[in-house]
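A.B. asks: Let me give you the structure first, and then I'll get to my questions.
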Amino acid sequence: MHQEIYQTFKKLFGAEPLVVKSPGRINLIGEHTDYNNGFVLPAAIDKAIYLAASIRDDDEIHLYAYNLDEDYQSNVQLLVKSGSNWPDYILGGLQQLQKAGYGIRGFNIVVGGDVPLGAGLSSSAAVECAALFAFNKLLHLNLSSLQMVQMAQKAENEFVGVNCGIMDQFASVFGKKDHLIQLDCRSLEYSYVPFALTHLKIVLLDTNVKHSLASSAYNQRRQECEAGIALVQKHHPEVYSLRDATPDMLLTHVRPVDETLYRRCNFVVQEIIRLQAACLQLKEGNLQGFGEKMYHTHYGLSRDYEVSCNELDFLVDFAYRTGYVMGARMMGGGFGGCTINLVKAEKVDELVDAITPAYEKATGLTLKHYVVSIEDGTTVIGVPEIMPA
(Lines give C-alpha, C1' and ligand atoms only; values in the text may rest on other atoms or scores of the structure.)
Protein backbone atom coordinates (compact mmCIF):
# COMPACT_ATOMS: atom_id res chain seq x y z
CA MET A 1 0.00 0.00 0.00
CA HIS A 2 2.84 2.45 0.76
CA GLN A 3 4.00 2.20 -2.85
CA GLU A 4 0.57 3.24 -4.13
CA ILE A 5 0.55 6.21 -1.75
CA TYR A 6 4.05 7.17 -2.84
CA GLN A 7 3.30 6.90 -6.56
CA THR A 8 0.11 8.91 -6.17
CA PHE A 9 2.01 11.62 -4.31
CA LYS A 10 4.67 11.80 -7.03
CA LYS A 11 1.99 12.03 -9.70
CA LEU A 12 0.05 14.78 -7.92
CA PHE A 13 2.88 16.89 -6.52
CA GLY A 14 6.07 15.89 -8.34
CA ALA A 15 8.11 15.95 -5.14
CA GLU A 16 9.88 13.35 -3.01
CA PRO A 17 7.73 12.70 0.09
CA LEU A 18 8.39 11.42 3.55
CA VAL A 19 6.22 8.33 4.15
CA VAL A 20 4.87 7.40 7.58
CA LYS A 21 3.08 4.21 8.60
CA SER A 22 0.65 4.31 11.53
CA PRO A 23 -1.34 1.19 12.48
CA GLY A 24 -4.89 0.66 13.60
CA ARG A 25 -5.47 -0.95 16.97
CA ILE A 26 -7.39 -3.62 18.79
CA ASN A 27 -8.17 -3.78 22.50
CA LEU A 28 -8.17 -7.24 24.06
CA ILE A 29 -9.85 -6.31 27.33
CA GLY A 30 -10.61 -3.15 29.28
CA GLU A 31 -13.57 -1.44 27.63
CA HIS A 32 -15.01 1.92 28.75
CA THR A 33 -12.32 2.03 31.43
CA ASP A 34 -10.12 4.66 29.76
CA TYR A 35 -12.30 7.66 30.60
CA ASN A 36 -12.66 6.33 34.14
CA ASN A 37 -8.87 6.50 34.69
CA GLY A 38 -8.60 2.72 34.54
CA PHE A 39 -6.45 0.29 32.58
CA VAL A 40 -6.68 -0.88 28.98
CA LEU A 41 -4.90 -3.64 27.04
CA PRO A 42 -4.58 -2.58 23.39
CA ALA A 43 -2.17 -3.51 20.61
CA ALA A 44 -1.21 -2.16 17.19
CA ILE A 45 -2.17 -4.37 14.25
CA ASP A 46 -1.02 -5.11 10.71
CA LYS A 47 -3.69 -2.85 9.18
CA ALA A 48 -2.30 0.65 8.80
CA ILE A 49 -2.64 4.19 7.50
CA TYR A 50 0.12 5.45 5.21
CA LEU A 51 0.76 9.16 4.86
CA ALA A 52 3.12 10.77 2.34
CA ALA A 53 4.03 14.41 2.94
CA SER A 54 6.34 17.20 1.86
CA ILE A 55 6.69 20.83 2.86
CA ARG A 56 5.50 23.53 0.48
CA ASP A 57 7.18 26.91 0.00
CA ASP A 58 3.92 28.71 0.86
CA ASP A 59 1.17 28.44 3.49
CA GLU A 60 -1.23 26.31 1.46
CA ILE A 61 -2.33 22.84 2.55
CA HIS A 62 -3.11 20.34 -0.22
CA LEU A 63 -4.60 17.03 0.93
CA TYR A 64 -5.65 13.97 -1.04
CA ALA A 65 -7.43 10.87 0.33
CA TYR A 66 -6.32 7.90 -1.77
CA ASN A 67 -9.10 5.50 -0.76
CA LEU A 68 -11.85 8.08 -1.20
CA ASP A 69 -10.43 9.84 -4.27
CA GLU A 70 -11.14 13.19 -2.63
CA ASP A 71 -8.99 16.28 -2.27
CA TYR A 72 -9.10 19.26 0.06
CA GLN A 73 -7.23 22.56 0.17
CA SER A 74 -6.76 25.00 3.00
CA ASN A 75 -4.24 27.41 4.49
CA VAL A 76 -2.24 27.28 7.72
CA GLN A 77 -3.54 30.74 8.56
CA LEU A 78 -7.14 29.52 8.42
CA LEU A 79 -7.45 26.14 10.10
CA VAL A 80 -11.17 25.42 10.31
CA LYS A 81 -13.21 22.22 10.09
CA SER A 82 -13.40 20.98 6.53
CA GLY A 83 -16.98 19.75 6.45
CA SER A 84 -15.67 16.49 4.96
CA ASN A 85 -14.48 14.87 8.21
CA TRP A 86 -11.33 13.09 6.96
CA PRO A 87 -9.16 16.23 6.53
CA ASP A 88 -9.93 17.27 10.11
CA TYR A 89 -7.74 14.53 11.58
CA ILE A 90 -4.78 16.14 9.79
CA LEU A 91 -5.76 19.78 10.24
CA GLY A 92 -6.33 19.19 13.96
CA GLY A 93 -2.71 18.13 14.36
CA LEU A 94 -1.50 21.31 12.67
CA GLN A 95 -3.70 23.35 14.98
CA GLN A 96 -2.15 21.65 18.02
CA LEU A 97 1.32 22.57 16.76
CA GLN A 98 0.19 26.17 16.34
CA LYS A 99 -1.24 26.24 19.86
CA ALA A 100 2.06 24.92 21.18
CA GLY A 101 3.88 27.82 19.55
CA TYR A 102 5.54 26.00 16.68
CA GLY A 103 5.87 27.77 13.36
CA ILE A 104 4.28 25.66 10.63
CA ARG A 105 4.36 25.76 6.85
CA GLY A 106 2.14 24.52 4.08
CA PHE A 107 2.10 20.83 3.21
CA ASN A 108 1.29 18.46 0.39
CA ILE A 109 -0.17 15.21 1.74
CA VAL A 110 -1.56 11.96 0.36
CA VAL A 111 -3.17 9.64 2.90
CA GLY A 112 -4.61 6.14 2.55
CA GLY A 113 -4.43 2.67 4.00
CA ASP A 114 -5.99 -0.70 4.66
CA VAL A 115 -7.54 -0.10 8.11
CA PRO A 116 -11.21 -0.99 7.57
CA LEU A 117 -13.33 2.13 8.03
CA GLY A 118 -16.17 2.03 10.52
CA ALA A 119 -14.99 -1.24 12.08
CA GLY A 120 -13.79 0.27 15.36
CA LEU A 121 -10.09 -0.17 14.58
CA SER A 122 -9.28 3.53 15.09
CA SER A 123 -8.34 4.57 11.58
CA SER A 124 -8.89 8.18 12.72
CA ALA A 125 -6.27 7.92 15.47
CA ALA A 126 -3.87 6.34 12.97
CA VAL A 127 -4.30 9.30 10.61
CA GLU A 128 -3.72 11.78 13.46
CA CYS A 129 -0.56 10.01 14.60
CA ALA A 130 0.80 9.60 11.07
CA ALA A 131 0.29 13.30 10.39
CA LEU A 132 1.99 14.44 13.58
CA PHE A 133 4.92 12.09 13.01
CA ALA A 134 5.33 13.54 9.52
CA PHE A 135 5.11 17.15 10.75
CA ASN A 136 7.58 16.39 13.54
CA LYS A 137 10.11 14.92 11.13
CA LEU A 138 9.76 17.46 8.32
CA LEU A 139 9.80 20.49 10.64
CA HIS A 140 12.55 19.08 12.90
CA LEU A 141 10.46 19.68 16.03
CA ASN A 142 12.02 16.92 18.18
CA LEU A 143 8.72 16.04 19.83
CA SER A 144 8.67 12.87 21.92
CA SER A 145 6.34 10.01 21.04
CA LEU A 146 4.22 10.79 24.10
CA GLN A 147 3.94 14.45 23.14
CA MET A 148 2.68 13.45 19.70
CA VAL A 149 0.17 11.01 21.23
CA GLN A 150 -1.18 13.73 23.52
CA MET A 151 -1.41 16.21 20.65
CA ALA A 152 -3.22 13.63 18.51
CA GLN A 153 -5.77 13.05 21.27
CA LYS A 154 -6.28 16.80 21.69
CA ALA A 155 -6.72 17.15 17.92
CA GLU A 156 -9.62 14.70 18.07
CA ASN A 157 -11.08 16.25 21.22
CA GLU A 158 -10.77 19.92 20.29
CA PHE A 159 -10.80 20.04 16.48
CA VAL A 160 -12.70 16.95 15.35
CA GLY A 161 -15.01 17.19 18.36
CA VAL A 162 -14.90 13.60 19.63
CA ASN A 163 -14.30 13.33 23.37
CA CYS A 164 -12.17 10.17 23.16
CA GLY A 165 -9.68 8.88 25.69
CA ILE A 166 -5.99 8.45 24.92
CA MET A 167 -5.95 4.69 24.29
CA ASP A 168 -6.32 4.70 20.49
CA GLN A 169 -3.51 7.14 19.80
CA PHE A 170 -1.27 5.57 22.44
CA ALA A 171 -1.69 2.08 21.00
CA SER A 172 -1.06 3.29 17.45
CA VAL A 173 2.26 4.89 18.43
CA PHE A 174 3.58 2.62 21.19
CA GLY A 175 2.59 -0.72 19.68
CA LYS A 176 5.16 -3.53 19.85
CA LYS A 177 5.16 -6.69 17.75
CA ASP A 178 3.68 -9.71 19.57
CA HIS A 179 2.96 -7.66 22.69
CA LEU A 180 -0.06 -6.03 24.31
CA ILE A 181 0.24 -2.69 26.09
CA GLN A 182 -1.01 -2.58 29.67
CA LEU A 183 -1.71 1.14 29.88
CA ASP A 184 -2.66 3.06 33.01
CA CYS A 185 -4.92 5.78 31.61
CA ARG A 186 -4.43 7.96 34.67
CA SER A 187 -0.64 8.07 34.95
CA LEU A 188 0.12 6.96 31.35
CA GLU A 189 2.57 4.44 32.77
CA TYR A 190 2.66 1.33 30.63
CA SER A 191 4.27 -2.06 30.31
CA TYR A 192 4.36 -4.64 27.53
CA VAL A 193 2.70 -8.02 28.02
CA PRO A 194 3.97 -10.81 25.71
CA PHE A 195 1.25 -12.07 23.37
CA ALA A 196 2.98 -14.23 20.77
CA LEU A 197 0.21 -16.54 19.58
CA THR A 198 1.32 -19.85 18.15
CA HIS A 199 -1.89 -21.88 18.20
CA LEU A 200 -4.43 -19.05 18.07
CA LYS A 201 -5.40 -16.38 15.57
CA ILE A 202 -7.04 -13.01 16.21
CA VAL A 203 -10.18 -12.81 14.07
CA LEU A 204 -12.31 -9.68 13.88
CA LEU A 205 -15.92 -10.16 12.85
CA ASP A 206 -17.43 -6.95 11.49
CA THR A 207 -21.19 -6.60 12.07
CA ASN A 208 -21.38 -4.10 9.21
CA VAL A 209 -23.65 -1.90 11.33
CA LYS A 210 -23.31 1.20 13.46
CA HIS A 211 -26.51 2.05 15.27
CA SER A 212 -27.42 5.70 15.80
CA LEU A 213 -27.44 5.17 19.57
CA ALA A 214 -23.65 4.96 19.65
CA SER A 215 -22.64 8.59 20.20
CA SER A 216 -25.51 9.57 22.50
CA ALA A 217 -25.14 6.43 24.61
CA TYR A 218 -21.38 6.98 24.92
CA ASN A 219 -21.91 10.46 26.33
CA GLN A 220 -24.69 9.19 28.59
CA ARG A 221 -22.47 6.42 30.01
CA ARG A 222 -19.78 8.95 30.84
CA GLN A 223 -22.36 11.05 32.67
CA GLU A 224 -23.66 8.01 34.54
CA CYS A 225 -20.16 7.12 35.69
CA GLU A 226 -19.65 10.68 36.90
CA ALA A 227 -22.99 10.60 38.72
CA GLY A 228 -22.03 7.36 40.44
CA ILE A 229 -18.72 8.81 41.58
CA ALA A 230 -20.50 11.88 42.94
CA LEU A 231 -22.58 9.58 45.18
CA VAL A 232 -19.45 7.80 46.40
CA GLN A 233 -17.58 11.07 46.98
CA LYS A 234 -20.14 12.21 49.52
CA HIS A 235 -18.77 9.51 51.81
CA HIS A 236 -15.28 9.02 50.35
CA PRO A 237 -13.98 12.42 49.19
CA GLU A 238 -10.64 10.85 48.25
CA VAL A 239 -12.28 8.94 45.38
CA TYR A 240 -12.12 10.96 42.15
CA SER A 241 -12.91 8.29 39.61
CA LEU A 242 -14.16 4.71 39.32
CA ARG A 243 -10.50 3.69 39.19
CA ASP A 244 -10.40 4.23 42.98
CA ALA A 245 -13.88 2.95 43.83
CA THR A 246 -14.45 -0.53 45.25
CA PRO A 247 -17.38 -2.91 44.77
CA ASP A 248 -18.34 -2.37 48.42
CA MET A 249 -18.46 1.40 47.97
CA LEU A 250 -20.87 0.99 45.06
CA LEU A 251 -23.04 -1.47 46.98
CA THR A 252 -23.27 0.85 49.95
CA HIS A 253 -23.58 4.27 48.35
CA VAL A 254 -24.85 3.86 44.77
CA ARG A 255 -27.12 0.83 44.63
CA PRO A 256 -29.60 2.09 47.27
CA VAL A 257 -29.98 5.33 45.29
CA ASP A 258 -30.10 4.16 41.66
CA GLU A 259 -29.91 0.58 40.38
CA THR A 260 -29.02 1.65 36.83
CA LEU A 261 -26.12 3.83 37.99
CA TYR A 262 -24.96 0.94 40.14
CA ARG A 263 -24.88 -1.49 37.20
CA ARG A 264 -22.98 0.99 35.03
CA CYS A 265 -20.37 1.77 37.68
CA ASN A 266 -20.05 -1.81 38.86
CA PHE A 267 -19.24 -2.97 35.35
CA VAL A 268 -16.36 -0.48 35.11
CA VAL A 269 -14.97 -1.37 38.54
CA GLN A 270 -15.21 -5.08 37.79
CA GLU A 271 -13.62 -4.55 34.35
CA ILE A 272 -10.61 -2.82 35.92
CA ILE A 273 -10.21 -5.74 38.34
CA ARG A 274 -10.74 -8.22 35.50
CA LEU A 275 -8.06 -6.66 33.31
CA GLN A 276 -5.41 -6.80 36.01
CA ALA A 277 -6.23 -10.46 36.69
CA ALA A 278 -6.20 -11.18 32.94
CA CYS A 279 -2.69 -9.74 32.59
CA LEU A 280 -1.46 -12.07 35.31
CA GLN A 281 -3.01 -15.00 33.46
CA LEU A 282 -1.22 -14.00 30.26
CA LYS A 283 2.09 -13.85 32.07
CA GLU A 284 1.38 -17.36 33.40
CA GLY A 285 0.50 -18.58 29.90
CA ASN A 286 -3.14 -19.20 30.85
CA LEU A 287 -4.83 -18.26 27.57
CA GLN A 288 -7.96 -20.20 28.42
CA GLY A 289 -8.50 -18.17 31.57
CA PHE A 290 -7.78 -14.98 29.66
CA GLY A 291 -10.33 -15.92 27.00
CA GLU A 292 -13.00 -16.61 29.61
CA LYS A 293 -12.51 -13.09 30.93
CA MET A 294 -13.14 -11.73 27.42
CA TYR A 295 -16.54 -13.46 27.46
CA HIS A 296 -17.26 -12.05 30.93
CA THR A 297 -16.43 -8.58 29.63
CA HIS A 298 -18.87 -8.95 26.77
CA TYR A 299 -21.75 -10.09 28.92
CA GLY A 300 -21.09 -7.21 31.30
CA LEU A 301 -21.07 -4.75 28.40
CA SER A 302 -24.30 -6.24 27.07
CA ARG A 303 -26.33 -6.67 30.27
CA ASP A 304 -24.99 -4.10 32.72
CA TYR A 305 -23.37 -1.35 30.67
CA GLU A 306 -25.91 -1.89 27.88
CA VAL A 307 -23.78 -0.80 24.94
CA SER A 308 -24.05 -3.96 22.84
CA CYS A 309 -26.68 -4.78 20.22
CA ASN A 310 -28.36 -7.88 18.79
CA GLU A 311 -25.79 -8.26 16.02
CA LEU A 312 -22.82 -8.20 18.42
CA ASP A 313 -24.54 -10.54 20.88
CA PHE A 314 -25.33 -13.00 18.10
CA LEU A 315 -21.66 -13.19 17.07
CA VAL A 316 -20.36 -13.66 20.61
CA ASP A 317 -22.99 -16.27 21.48
CA PHE A 318 -22.21 -18.18 18.28
CA ALA A 319 -18.47 -18.05 19.01
CA TYR A 320 -19.01 -19.35 22.54
CA ARG A 321 -21.06 -22.31 21.31
CA THR A 322 -18.36 -23.47 18.89
CA GLY A 323 -16.07 -24.64 21.67
CA TYR A 324 -12.96 -23.58 19.74
CA VAL A 325 -13.15 -19.81 20.14
CA MET A 326 -11.17 -19.25 23.34
CA GLY A 327 -12.49 -15.75 23.94
CA ALA A 328 -14.79 -13.27 22.21
CA ARG A 329 -16.34 -9.91 22.97
CA MET A 330 -17.57 -6.72 21.38
CA MET A 331 -14.80 -4.17 20.94
CA GLY A 332 -15.10 -0.40 21.06
CA GLY A 333 -17.84 2.02 22.02
CA GLY A 334 -20.66 -0.35 21.15
CA PHE A 335 -23.87 -0.63 19.11
CA GLY A 336 -21.97 -2.04 16.13
CA GLY A 337 -18.46 -2.45 14.86
CA CYS A 338 -16.48 -5.63 15.47
CA THR A 339 -16.19 -8.53 17.83
CA ILE A 340 -12.67 -9.70 18.61
CA ASN A 341 -12.16 -13.45 18.76
CA LEU A 342 -9.28 -15.70 19.82
CA VAL A 343 -9.68 -18.69 17.53
CA LYS A 344 -7.74 -21.93 17.32
CA ALA A 345 -5.57 -21.47 14.24
CA GLU A 346 -6.76 -24.59 12.46
CA LYS A 347 -10.40 -23.61 13.01
CA VAL A 348 -10.42 -20.11 11.47
CA ASP A 349 -11.83 -21.21 8.12
CA GLU A 350 -14.39 -23.43 9.83
CA LEU A 351 -15.57 -20.51 11.95
CA VAL A 352 -15.87 -18.13 9.00
CA ASP A 353 -17.66 -20.71 6.85
CA ALA A 354 -20.19 -21.42 9.61
CA ILE A 355 -20.81 -18.00 11.10
CA THR A 356 -21.07 -15.98 7.86
CA PRO A 357 -24.27 -17.57 6.49
CA ALA A 358 -25.73 -17.91 10.00
CA TYR A 359 -25.24 -14.19 10.63
CA GLU A 360 -26.76 -13.24 7.28
CA LYS A 361 -29.77 -15.47 7.94
CA ALA A 362 -30.27 -14.00 11.43
CA THR A 363 -29.75 -10.33 10.57
CA GLY A 364 -30.01 -9.92 6.81
CA LEU A 365 -26.54 -8.37 6.85
CA THR A 366 -23.26 -9.38 5.23
CA LEU A 367 -20.54 -10.35 7.70
CA LYS A 368 -16.97 -9.22 7.06
CA HIS A 369 -13.97 -10.77 8.75
CA TYR A 370 -10.33 -9.81 9.22
CA VAL A 371 -7.49 -11.95 10.53
CA VAL A 372 -4.97 -9.61 12.15
CA SER A 373 -1.56 -9.87 13.77
CA ILE A 374 0.08 -7.64 16.37
CA GLU A 375 2.76 -5.35 14.98
CA ASP A 376 4.95 -2.37 15.84
CA GLY A 377 3.56 1.15 16.19
CA THR A 378 3.93 4.32 14.14
CA THR A 379 7.16 4.66 12.23
CA VAL A 380 8.75 6.78 9.54
CA ILE A 381 9.33 4.47 6.58
CA GLY A 382 11.43 6.89 4.55
CA VAL A 383 11.82 7.19 0.81
CA PRO A 384 10.67 4.34 -1.48
CA GLU A 385 14.19 3.41 -2.59
CA ILE A 386 14.89 2.11 0.92
CA MET A 387 11.37 0.95 1.71
CA PRO A 388 10.45 -2.71 1.55
CA ALA A 389 8.25 -3.53 -1.45
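The values are calculated or read from the model by the stated rules, or taken from the named source; none is laboratory data. All values reported here derive from a predicted model rather than from experimental measurement. Please note: Cβ atoms are built from the backbone with ideal geometry, for glycine as well, and neighbour counts cover all protein chains shown. In case anyone asks, the SASA skips ligands and DNA or RNA and just uses the protein heavy atoms, side chains included. Shrake-Rupley method; radii C 1.70, N 1.55, O 1.52, S 1.80 Å.
A.B. asks: What percentage of the solvent-accessible surface of the stretch 83-159, computed with a 1.4 Å probe over protein heavy atoms, is contributed by carbon and sulfur atoms?
C.D. replies: Answer for the stretch 83-159: carbon and sulfur cover 44 percent of the accessible area.
A.B. asks: How much length, in nm to one decimal, is gained on full extension between Arg105 and Gln220, taken as 0.36 nm per residue of separation minus their Cα-Cα distance?
C.D. replies: 37.4 nm
A.B. asks: Cα-Cα over 25 Å: which of Lys176/Lys283; Lys21/Lys283; Lys10/Lys154; Lys154/Lys234?
C.D. replies: Pairs exceeding 25 Å: Lys21/Lys283; Lys10/Lys154; Lys154/Lys234.
A.B. asks: Under 14 Å from the 7 Å Cα→Cβ point of Gln270, by amide nitrogen: which residues of the stretch 283-315?
C.D. replies: 293-307
A.B. asks: Would you please state which residues of the stretch 324-349 a label at Leu117 would reach in this model, taking the label point 7 Å out along Cα→Cβ and a backbone N cut-off of under 19 Å?
C.D. replies: Under cut-off, by backbone N: 336-338.
A.B. asks: Given the pairs Lys293/Lys344; Lys99/Lys210; Lys347/Lys368, which are separated by over 24 angstrom at their Cα positions?
C.D. replies: Lys99/Lys210
A.B. asks: Peptides 241-250, 182-191, 29-38, 75-84: what's the order by average Cβ count within 10 Å, highest mean first?
C.D. replies: Averaged packing, sorted descending, gives the order 29-38, 241-250, 182-191, 75-84.
A.B. asks: With every protein chain kept in place and ligands, DNA and RNA left out, what is the accessible area per residue of the chain? Probe 1.4 Å, answer in Å².
C.D. replies: 41 Å²
A.B. asks: Calculate the radius of gyration of the Cα atoms of the stretch 139-263 to one decimal place, then report Dmax, the largest Cα-Cα distance, as a whole number, both in Å.
C.D. replies: Rg then Dmax for the stretch 139-263, in Å: 18.7, 57.
A.B. asks: Right, next: What whole-number volume per residue, in cubic angstrom, does the convex hull of the C-alpha atoms of the stretch 259-389 give?
C.D. replies: 169 Å³
A.B. asks: On to the next question. Within the stretch 306-389, list the trypsin sites (Lys or Arg not before Pro) lying in a DSSP loop whose Cβ has at most 12 other Cβ atoms in a 10 Å radius.
C.D. replies: Qualifying residues, ordered by number: none.
A.B. asks: Express in nm, to one decimal, how much length is gained between Asp58 and His211 on full extension, taking 0.36 nm for each residue of separation and deducting their alpha carbon distance.
C.D. replies: Answer, rounded to one decimal: 50.8 nm.
A.B. asks: If I model a spin label at Ser84 and Glu292 as a point 7 Å from the Cα along the Cα→Cβ vector, what separation in nanometres do I get?
C.D. replies: With each label placed 7 Å out from Cα toward Cβ, I get 5.2 nm.
A.B. asks: At 0.36 nm per residue, and after removing the present C-alpha to C-alpha distance, how many nm does the segment from Ser373 to Val162 gain when stretched out fully?
C.D. replies: Taking Ser373 through Val162 to full extension adds about 73.2 nm, to one decimal.
A.B. asks: If you place +1 on the Cβ of every Lys and Arg and -1 on the Cβ of every Asp and Glu, how big does the dipole about the Cα centre of the stretch 23-176 come out, in debye to the nearest 20?
C.D. replies: Values: 9 positive and 16 negative charges, 90 e Å.
With only Lys, Arg, Asp and Glu charged at Cβ, the dipole is about 440 debye.
A.B. asks: Find the Cα radius of gyration of the chain, compare it with 2.2 N^0.38 Å by division, and give the number to two decimals.
C.D. replies: Compactness ratio reported: 1.01.
A.B. asks: Going toward the positive end of the dipole of the chain, with +1 on Lys and Arg Cβ and -1 on Asp and Glu Cβ, which of Leu342, Gln96, Tyr6 do you reach last?
C.D. replies: Toward the positive end, the furthest listed residue is Leu342.
A.B. asks: Under 8 Å for C-alpha pairs, at least 6 residues apart: give me the relative contact order for the stretch 87-134, rounded to a whole percent.
C.D. replies: Relative contact order here is 53 percent.
A.B. asks: Just from its helices, what would the mean residue ellipticity at 222 nm be for the chain, if runs of 4 or more DSSP H residues each count -39500 (n - 2.57) and the sum is divided by every residue, rounded to the nearest 500 deg cm²/dmol?
C.D. replies: Result for the chain, helices only: -13000 deg cm²/dmol.
A.B. asks: Next question. Dipole of the chain, Cα-centred, from +1 at each Lys and Arg C-beta and -1 at each Asp and Glu C-beta, to the nearest 20 debye?
C.D. replies: Values: 33 positive and 45 negative charges, 88 e Å.
Using only the charged Cβ atoms, the result is roughly 420 debye.
A.B. asks: Now, a different point. Relative contact order, percent, of the stretch 104-200 when contacts are C-alpha pairs under 8 Å separated by at least 6 residues?
C.D. replies: Reported relative contact order: 19 percent.
A.B. asks: Hey, rough spin-label estimate for Lys283 and Leu365, points 7 angstrom out along Cα→Cβ, what's it come to in nanometres?
C.D. replies: Between Lys283 and Leu365, the simple spin-label model gives 3.8 nm.
A.B. asks: Then there's this: How large a share of the accessible area of the stretch 166-320, in percent, is made up of carbon and sulfur atoms when the probe is 1.4 Å and the other protein chains stay in place?
C.D. replies: Answer for the stretch 166-320 is 49 percent, counting heavy atoms of protein chains only.
A.B. asks: Could you state the number of Å between the C-alpha centres of the stretch 165-188 and the stretch 115-164?
C.D. replies: So the separation of the two Cα centres works out to 13 Å.
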